[in-house]
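Only one structure is covered here, and it is reproduced in the block below.
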Amino acid sequence: MGMSQKIAITGGLLADPALDAPTPGALLIEGDSILASGAVEIPSDAQVIDAAGLTVAPGLVDLGVFRTDKPAFHFGGITRAALMPDQTLPLDNVGLIREATRHGKPDFWVHPLAAATRGLEGKEMAEMGLMQAAGAKAVATGRQWIADSGVMWRVLSYASSLGLTVITHAEDSGLAGKAVATSGETATRLGLASAPACAEAMAIARDIALLRETGGAIHFRLVTTKAGFDLVRTAKAEKLAVTCGVSPAYFMLADNAVTDYRTFARLSPPLRSEEDRQATIAAIADGTVDVITSSHDPRGPEDKRLPFADAEPGVAGAETLLALSLNLVREGHLSVTALMRLLSANPAQILGIKAGGFTPGSAADIIFVDRDAPWIVDSGKMAAAAGNTPFDKMPVQGRVRRVMKGGVFY
Amino acid sequence: MSSVAQESTAASLTGRALFPHRHLLGIAPLKPWEIRFLLDEAEHWATMNRAAASKHDGRLKGLTQINAFFENSTRTLLSFEIAGKRLGADVVNMHAAQSSVKKGETLIDTAMTLNAMRADVIVIRHGSSGAVQLIADKVDCPVLNAGDGWHEHPTQALLDALTIRRHKGSFEGLIVTICGDVLHSRVARSNMLSLAALGAQVRVVAPPTLMPGHVDYLGATPYHNFDAALDGADVVMMLRLQNERMDGAFIPSPREYHALYGLTPERLSLAKPDALVMHPGPMNRGVEITSSVADDLTHSVITEQVEMGVAVRMACLDVLTRASRGVEGWT
């Protein structure tokens, strides 16, 4: 297939993030980019691909994964992922960033996030500008909050001058300490070290206050509490460049999911109250949430088959990201095109990449989705590097049937 | 459920239905009549331990009991060892300090090793909440929780309940005040659950920094003022304050703690005249309790708690091994 070969995807329902609702239509692709979408005339020399019965959507752009796990991403329809800097060697230098950008190509693109501070230690700024030149699309604080307000102030202002968004973990580290659960009935019953949920709002409030001074853009990778969403909502009304993300675990589960010390439900931030779970859904529905990320973090038994407090946090979320998010559409909280904004268009915009949508010139990363196809999550048979899902044995709907990356099927 | 209904439920049960649990991991999974059943069984052993010249009963003869203690303990380990030996079991103690745990072996591997040695009952203490359940899920024999993290210490709650019952007859309407570091205390958690299930009114009192949230869900009423919590109490149960919590992180100083939360004779006078004073040991004399209160035998039942500990552990070892020993009605 030559680069100039045109491909027409016809007969499907287009889930264009720029539109209010999915519409029947065709997608025209030339080389690795989208040429046109909607009511387009199909050139006679185009290769026609029939998508009848399927929803045609932009490939998912997963903003904040901890491991490049191609089989899981392929299963989940994720064609690009922003890799967190928390790797064996923190992504705090040019060489590691450059290497990470090459890691998945051609069928999967990794967009490494540059560590905001050297070694992710929260003390000295890393070489953000050079890492940007090497391919970093944003800056991240990693799994940790930067506790020193002076450091965070300088990180925000410096990143702002480079036009890089700072992706941060919103949990006040002094309050969270060694907590492995949110304070509440479950933590008390199980005897787990816990911290009040306001650790999140405190972190968000400080970072927004700093952003007012520095300008630039901040993205709270995971917001999980009502108080946190309220702060983001207010900042958006103020026209500050504040965005936030969620992961399906936080709109599907509350803290009682760790009963019986289920380490697959040990997350960071920890699962919250039922009230906060409902606030998460409300924030998705009213547009406060910009991004849904898998937070993909496959962890084997050596990290998870341990006493709860000793286990590592994290979920293998890539395979279930789309199916669990489609629950929100089925329950009427948002349209499928609005969902694709959260899964594809918005994360692409935050990273500043031409992907995640159907506008001409956008990357031809396309997924073919059977939205109603039923399947059962099975932690023993996952494509991911490990089966640490809290959704084991859960029936879900929505399967990706084909994945196209840059105009090529894989 | 009313206590009358509970009694009738228990009365209609026989054999394994009286205690249908494979393990004793905590008080939380137990029904009130199951707690009472264990107390009744323990009463028998308490009598034997006091009366008989020979304290031996051979019913666990030939069985191997492993006491796997991943956290230091003197009295609980000794109590389980004596209980097993009095029942005739071959008792082996495994101390974490001398084990491969320190060499990086995972808890699951340790559990599989203990299992492969064909233990008939394993008693486990571990510093991490939920660790005992994790091991119990992997072994073929009954597991007794001798304390896991801040979670539960069920035999302590049972021995406390037995001690109270022997003095007060029943739990209905009793006011029990538990004072100390409730946040980090598995003894407090198990006691809240057990005493509330048995019908007592449980008050817990602690500085706010050492009080977990939502203790009301565990059946207790929280207090921060010790004097108020002592008013009319039938039982005053003091908890040990760990040395490492005294350094300013949770309380300003041991002497301030003593001033606000120490049990003195003056404070004790706020409780009922016949109030019992209890402590799970080891005591910090002069911090949470003054020596004059600890040693006042008109109130203090602290040594009797230790005595009942052996009886309760004998009862638990006996009941949990009935299925494997082929006791009629328990297989």
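The set of residues in the stretch B:198-214 that are surrounded by fewer than 24 Cβ atoms within 10 Å (Cβ to Cβ) and within 14 Å of another protein chain (Cβ to nearest Cβ) comprises B:Pro208, B:Thr209, B:Leu210, B:Met211, B:Gly213, B:His214. Checked against (1) buried (at least 21 other Cβ atoms within 10 Å of the Cβ); (2) within 14 Å of chain A (Cβ to nearest Cβ); (3) of a type outside the set (Val, Ile, Thr), B:Gln65 meets all criteria but (2).
So which of B:Lys138, B:Lys168 ends up being within 28 Å of A:Val180 (Cβ to Cβ) and among the charged types (D, E, K, R)? Before the answer, list the steps.
Numbers: B:Lys168 fails: within 28 Å of A:Val180 (Cβ to Cβ).
Checking each option against the conditions leaves just B:Lys138.
Taken over the stretch A:190-202, the residue count meeting the criterion of being surrounded by 23 or more Cβ atoms within 10 Å (Cβ to Cβ) and either more than 9 Å from every other protein chain (Cβ to nearest Cβ) or in a helix (DSSP H, G or I) (or both) is 5. When each of A:Ser379, A:Ser362 is tested for being among the polar types (S, T, N, Q) and touching an Asp or Glu at 6+ places or on another chain (Cβ under 6 Å), the lone residue that passes is A:Ser379. Scanning the stretch A:204-216 for residues that are in contact with a helix residue (DSSP H, G or I) (Cβ under 8 Å, 6 or more places away or on another chain) and either facing chain B (nearest Cβ under 8 Å) or not in a loop (DSSP other than H, G, I, E, B) (or both) gives A:Ile204, A:Ala205, A:Arg206, A:Asp207, A:Ile208, A:Leu210, A:Leu211, A:Glu213, A:Thr214.
Among the residues that make up the stretch A:380-387, is at least one of them surrounded by fewer than 18 Cβ atoms within 10 Å (Cβ to Cβ), modelled with pLDDT under 95 and in a loop (DSSP other than H, G, I, E, B)? Looking for residues that are surrounded by fewer than 18 Cβ atoms within 10 Å (Cβ to Cβ), modelled with pLDDT under 95 and in a loop (DSSP other than H, G, I, E, B), one finds none in the stretch A:380-387, hence no.
Applying the selection to the stretch B:111-148, what residues are assigned to a loop (DSSP other than H, G, I, E, B) and free of Cβ contacts under 8 Å to residues at least 12 places away in the same chain? Talk me through it step by step, then tell me what you get.
Taking the stretch B:111-148 and keeping what is assigned to a loop (DSSP other than H, G, I, E, B), we get B:117-120, B:127-130, B:137-142.
Result: B:Asp137, single match.
For B:Ile178, the requirement of being among the β-branched types (Val, Ile, Thr), closer than 17 Å to B:Ile35 by Cα and touching a residue at least 12 places away in the same chain (Cβ under 8 Å) is not met.
Can you go through A:Thr263, A:Thr234, A:Thr243 and tell me which one is within 18 Å of A:Val377 (Cβ to Cβ) and β-branched (Val, Ile, Thr)? Only one candidate passes the filter, namely A:Thr263.
Evaluate the following for A:Thr263: is it polar (S, T, N, Q) and more than 22 Å from A:Pro17 (Cα to Cα)?
yes
In the condition set (1) surrounded by fewer than 21 Cβ atoms within 10 Å (Cβ to Cβ); (2) over 17 Å from the mean Cα position of the chain (by Cα); (3) modelled with pLDDT of 90 or more; (4) more than 14 Å from chain A (Cβ to nearest Cβ), B:Glu81 is compliant with all but (2). Only helices (runs of 4 or more DSSP H) whose full extent lies in the stretch A:249-355 are considered here, and the ones with at least 1 residues that are of a type in the set (D, E, K, R) and away from every other protein chain (no Cβ under 14 Å) are A:274-285, A:321-330. In the stretch B:172-195, the residue that is farthest from the other protein chains (Cβ to nearest Cβ) out of those that are surrounded by fewer than 24 Cβ atoms within 10 Å (Cβ to Cβ) and closer than 13 Å to B:Val235 by Cβ is B:Gly173. Applying the set (1) buried (at least 21 other Cβ atoms within 10 Å of the Cβ); (2) of a type in the set (A, V, I, L, M, F, W, C); (3) assigned to a loop (DSSP other than H, G, I, E, B); (4) within 22 Å of the chain's Cα centre (by Cα) to B:Met283 leaves exactly one unmet item: (1). Checked against the criterion of being more than 13 Å from chain A (Cβ to nearest Cβ), under 18 Å from the mean Cα position of the chain (by Cα), closer than 29 Å to B:Thr303 by Cβ and not hydroxyl-bearing (Ser, Thr, Tyr), the candidates B:His167, B:His151 yield just one match: B:His167. Residue count for the stretch B:103-142, restricted to those that are charged (D, E, K, R), within 24 Å of B:Thr74 (Cα to Cα) and buried (at least 16 other Cβ atoms within 10 Å of the Cβ): 2. Within the stretch B:32-53, the presence of at least one residue that is among the small types (Gly, Ala, Ser), part of a loop (DSSP other than H, G, I, E, B) and farther than 21 Å from B:Val187 by Cα is confirmed.
The values are calculated or read from the model by the stated rules, or taken from the named source; none is laboratory data. Quick caveat, the model's predicted, so the values are computed rather than measured. Here Cβ is always computed from backbone atoms with ideal geometry, including for glycine, and neighbour counts include all displayed protein chains.
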